[in-house]
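First comes the structure, then the notes that go with it.
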Amino acid sequence: MSEFVEKYINPFTDYGFKKLFGEEINKDILLDFLNELLKEEQGEIKEITYLKSEHLGTTELDRKAIFDLYCENERGEKFIVELQKSKQNFFKDRALYYATFPIREQAKRADWDFELKAIYTIAILDFIFEEDKTDKGTRCAHLEYLNTRLVKLEYLVWL
């Protein structure tokens, strides 16, 4: 009788995170995760499509962005999902910068009526910012456009 060898994927590594949440075959896992976090805020997500995760700057000198996961739902709303293990002091600024790429994608040539679709950034962090030390669990922050249209909803989930 051959010996049974168990294999596990650590979801808190870059490889494991992308293997678990970022592959078409496991799309339902990411869909369930997003719905658990966002259903109350934005309603149920029925379908997601994975998008290209690398975004170049406008010019050669501009900084580029590479998202861990990037997808879109059936309403055209975009989702950036990031896993960050090591503390990064300006991670909130980076998350805001990342959100500018999907916002700019909406600015197509021709007539544009400035109706932006929502952009969601979900960050799973293995650290807590000094200013958030008194909070436990999940925090969300809203960045609103003209005080009525939601442009970005950022979730920080501490491990």
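Just a few scattered comments:
- Inclusion of Leu31 among residues that are modelled with pLDDT of 85 or more, part of a helix (DSSP H, G or I) and in contact with a strand residue (DSSP E or B) (Cβ under 8 Å, 6 or more places away or on another chain) is warranted.
- Qualifying positions in the range 118-139 - within 23 Å of Asn73 (Cβ to Cβ) and at pLDDT below 65: Thr138, Arg139
- Selection within the range 90-103: residues that are surrounded by fewer than 18 Cβ atoms within 10 Å (Cβ to Cβ) and touching a residue at least 24 places away in the same chain (Cβ under 8 Å). The member of this set that is nearest to Phe127 (Cα to Cα) is Phe91.
- Residue count for the range 61-75, restricted to those that are surrounded by fewer than 11 Cβ atoms within 10 Å (Cβ to Cβ) and modelled with pLDDT of 85 or more: 1
- All positions within the range 69-102 that are part of a loop (DSSP other than H, G, I, E, B) and either touching an Asp or Glu at 6+ places or on another chain (Cβ under 8 Å) or over 20 Å from Gln42 (Cα atoms) (or both): Glu74, Lys85, Ser86, Lys87, Gln88, Asn89, Phe90
- The set of residues from the range 1-28 being among the β-branched types (Val, Ile, Thr) and at pLDDT below 90 comprises Val5, Ile9, Thr13.
The values are calculated or read from the model by the stated rules, or taken from the named source; none is laboratory data. Values in this document were obtained by computation on a predicted structure and should not be read as measured data. No Cβ is skipped: glycine too gets one built from the backbone with ideal geometry, and neighbour counts run over all protein chains shown.
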